[in-house]
1. Quick one: is residue B:154 under 16 Å from the mean Cα position of the chain (by Cα), closer than 23 Å to residue B:110 by Cα and in a strand (DSSP E or B)?
2. So, of the residues in the range A:59-94 that are free of Cβ contacts under 8 Å to residues at least 40 places away in the same chain and not in a helix (DSSP H, G or I), which turns out to be nearest to residue A:13 (Cα to Cα)?
3. Determine if the range A:18-36 includes at least one residue that is touching a helix residue (DSSP H, G or I) at 6+ places or on another chain (Cβ under 8 Å), within 14 Å of another protein chain (Cβ to nearest Cβ), free of Cβ contacts under 8 Å to residues at least 12 places away in the same chain and surrounded by fewer than 21 Cβ atoms within 10 Å (Cβ to Cβ).
4. Consider the range A:116-127. How many of its residues are in a helix (DSSP H, G or I), surrounded by 15 or more Cβ atoms within 10 Å (Cβ to Cβ) and in contact (Cβ under 8 Å) with a residue 24 or more places away in the chain?
5. Could you check, for the range A:207-223, whether at least one of its residues is in a helix (DSSP H, G or I), under 16 Å from the mean Cα position of the chain (by Cα), at pLDDT 85 or above and more than 30 Å from residue B:66 (Cα to Cα)?
6. Give the residues of the range B:54-69 that are crowded, with 20+ Cβ neighbours inside 10 Å, under 23 Å from the mean Cα position of the chain (by Cα) and either facing chain A (nearest Cβ under 10 Å) or within 20 Å of residue B:150 (Cα to Cα) (or both), sorted by residue number.
7. Does residue B:210 satisfy being under 23 Å from residue B:175 (Cα atoms) and either at pLDDT below 85 or part of a loop (DSSP other than H, G, I, E, B) (or both)?
8. Yes or no: residue A:64 surrounded by 18 or more Cβ atoms within 10 Å (Cβ to Cβ) and within 14 Å of chain B (Cβ to nearest Cβ)?
């Protein structure tokens with residue numbers, strides 16, 4: 001795994017991507033800092049952190065776009081997959097390399113915080129919380145990007161899809177406010193989820209039995225929930241969307257609140273995406 | 001050493017490899033021969049654990065590659081059809097990386113790389129970016145990669161494709177050298193190459209092994225007549241009349257020739273050597289015989305016979 005990490009790190013800085021990522025991130029964050037804090041004489045650092053969240057959308061796809069798609073295009077995946085290392089080591093190696101570059105870049109922005117600390121009142125714990133939140137958020141975004149780069153052989157397509165996926169996650173907060181909350185809509189939503197799950201199983205196993213069983217279990221679960229705990233269906237859709245909203249969770253960190261629940265959420269979100277990535281690569285060998 | 005049982009690979013509805021069985025013993029140099037798309041690369045990708053078979057198993061020394069992938073993979077060196085190289089790395093960085101993912105101990109790494117560089121002859125490009133190397137050098141870097149783990153088994157997919165004639169000769173020489181103390185499986189669609197390097201050839205077509213054996217005897221069973229090419233200074237009529245008088249001759253076919261002579265292909269019963277009879281017949285009629293040779297089926301003919309036959313059968 002360390003071999004993979006070192007190679008990826010080296011590649012970031014032997015190709016323009018590492019520089020473009022760092023440059024883009026630092027230029028835009030510097031821009032926000034100069035306008036938002038220096039020129040307006042504000043020492044509100046957490047609002048700065050809030051505003052640079054959006055740079056993620058642009059920058060993370062750059063970081064992850066070539067990780068696995070390029071291996072496939074160059075056929076170097078044949079080297080990796082026929083070497084005595086596991087797929088998990090490959091994927092984790094790539095994840096930690098991207099995460100490393102991201103962290104280093106993030107650490108550089110601490111300089112801004114120091115400037116605010118010297119010349120103004122820095123809300124220290126909110127800033128620390130914000131940085132911790134950023135670290136976890138970054139990991140989650142990178143895991144999304146890695147999954148996308150597994151699907152596409154084309155770097156540009158991979159960057160675009162990652163961008164849209166992250167944008168969608170970003171918009172979940174807004175979408176949440178317009179979705180219906182009544183129990184009927186929730187039931188339909190749950191049914192669609194069950195159908196989707198059954199379809200997923202069918203596509204993966206090509207077995208009507210397995211997907212049928214999944215569908216039936218899902219249907220029974222919906223009915224049972226209706227009888228036992230109908231309150232679940234009040235506002236189910238926004239609740240589910242909320243659960244997926246990475247940004248909603250970030251707000252707590254920005255306020256200096258470290259909740260185990262939020263950290264566990266980010267860690268499991270990241271782990272889930274990396275796990276699916278590993279499974280996808282392993283599954284491809286069978287098809 | 002390698003045991004393949006009932007190997008089948010399906011891509012959707014397309015059957016790429018169709019219940020293939022074979023085994024390769026230690027120290028053998030085996031060539032897969034077949035037209036493009038015959039299933040050679042797919043078979044190799046399964047042998048190395050890059051792909052999984054739809055059905056069937058691959059055992060290396062009795063160990064199933066699916067059950068202990070790491071143990072099996074560390075014993076195999078693989079050069080895929082496209083050398084798996086990173087253009088942005090130098091040869092040195094690349095080989096160091098390969099050593100690390102193949103778990104070469106740090107203390108041995110330097111020697112391993114050094115000897116690999118010399119074996120494949122890329123010492124002079126050691127510090128250059130792979131992306132700037134010529135195709136021949138890239139292929140050799142790929143080959144060096146396959147050697148890094150010091151594998152007992154080498155699997156080489158079209159190792160000479162895209163090289164110029166001089167490089168092809170060098171690579172063949174190299175493979176012969178490597179085959180001295182390793183098990184080698186290579187593929188090619190170039191026939192003389194396989195017969196030159198390998199002591200055993202498997203001809204693959206449409207995902208099936210249609211012939212398996214020594215390249216010099218593999219055609220023996222295929223052609224039911226023995227053939228002799230006769231060249232004589234005389235017109236076709238005379239030559240025909242002399243030959244048809246010889247007992248055992250079943251067919252006479254005139255052949256085009258550049259010489260001022262008549263050349264015919266004489267077919268006879270299998271295992272009947274008519275050379276002496278032909279010589280005596282010509283000498284008694286005082287017709288100068290200037291050429292007389294047994295025609296062996298070349299690998300090309302065997303190949304065409306086998307691959308076209310199978311196609312017709314389907």
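The values are calculated or read from the model by the stated rules, or taken from the named source; none is laboratory data. Computed from a predicted structure; not experimentally measured. In this analysis, Cβ positions are derived from the backbone assuming ideal geometry, glycine residues included, and neighbour counts consider all displayed protein chains.
1. Values: under 16 Å from the mean Cα position of the chain (by Cα): yes; closer than 23 Å to residue B:110 by Cα: yes; in a strand (DSSP E or B): yes.
So residue B:154 fits the description; yes.
2. Filtering first and then ranking leaves A:76.
3. Yes: one or more hits.
4. Our first condition is that a residue be in a helix (DSSP H, G or I); within the range A:116-127, this holds for A:116-119, A:124-127.
With the extra rule that they be surrounded by 15 or more Cβ atoms within 10 Å (Cβ to Cβ), the set shrinks to A:116-117, A:126-127.
With the extra rule that they be in contact (Cβ under 8 Å) with a residue 24 or more places away in the chain, the set shrinks to A:116, A:126-127.
So the count comes out to 3.
5. Taking the range A:207-223 and keeping what is in a helix (DSSP H, G or I), we get A:208-223.
Remaining after also requiring under 16 Å from the mean Cα position of the chain (by Cα): none.
No, there is no match, as no residue in the range A:207-223 is in a helix (DSSP H, G or I), under 16 Å from the mean Cα position of the chain (by Cα), at pLDDT 85 or above and more than 30 Å from residue B:66 (Cα to Cα).
6. Answer for the range B:54-69, where residues must be crowded, with 20+ Cβ neighbours inside 10 Å, under 23 Å from the mean Cα position of the chain (by Cα) and either facing chain A (nearest Cβ under 10 Å) or within 20 Å of residue B:150 (Cα to Cα) (or both): just B:60.
7. Working: under 23 Å from residue B:175 (Cα atoms): no; either at pLDDT below 85 or part of a loop (DSSP other than H, G, I, E, B) (or both): yes.
Considered against the rule, which asks whether it is under 23 Å from residue B:175 (Cα atoms) and either at pLDDT below 85 or part of a loop (DSSP other than H, G, I, E, B) (or both), residue B:210 comes out as no.
8. Details: surrounded by 18 or more Cβ atoms within 10 Å (Cβ to Cβ): yes; within 14 Å of chain B (Cβ to nearest Cβ): no.
Criteria not met by residue A:64.
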